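Beneath this line is the structure, given in structure tokens, with notes to follow.
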Amino acid sequence: MRKVEFEEERCKGCELCVSACPKNLIALADHLNGMGFRPAIVTDQESCISCARCAYMCPDVVITVRKEEKKG
């Protein structure tokens, strides 16, 4: 399951989420979106701790963070 999802077509590549990630798991993609920006991507979903700091920082609300459900 993906923990963090970006709406790449709406991302302006401001990098606020990049600096907010405590695990340094967010970077700008090598490709451009439809608006001509390099969208943010998660480089390692498995290492993500779902803290949602990236989503709180996003001025355009393009980030969705999901926490894993605990089985028990």
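Tabulated values for the structure
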item	result
Cβ pairs under 6 Å, 6+ apart, first in segment 32-56 and closer than 20 Å to Lys67 by Cβ, second surrounded by 13 or more Cβ atoms within 10 Å (Cβ to Cβ) and aromatic (Phe, Trp, Tyr)	Ala40/Phe6
Out of Cys54, Cys58, Cys14, sole residue that is touching a strand residue (DSSP E or B) at 6+ places or on another chain (Cβ under 6 Å), surrounded by 13 or more Cβ atoms within 10 Å (Cβ to Cβ) and at negative phi	Cys54
Residue match in segment 1-21 (condition: outside any loop (DSSP other than H, G, I, E, B), closer than 24 Å to Glu69 by Cβ and without any contact (Cβ under 8 Å) to a residue 24 or more places away in the chain)	no
Some residue of segment 36-47 being small (Gly, Ala, Ser) and either in contact with a helix residue (DSSP H, G or I) (Cβ under 8 Å, 6 or more places away or on another chain) or surrounded by 16 or more Cβ atoms within 10 Å (Cβ to Cβ) (or both)	yes
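Only the coordinates and a few stated rules stand behind these numbers; no lab work does. Source: prediction; values computed, not measured. Heads up, the Cβs are rebuilt from the backbone with ideal geometry, glycines too, and the neighbour counts pull from every protein chain shown.
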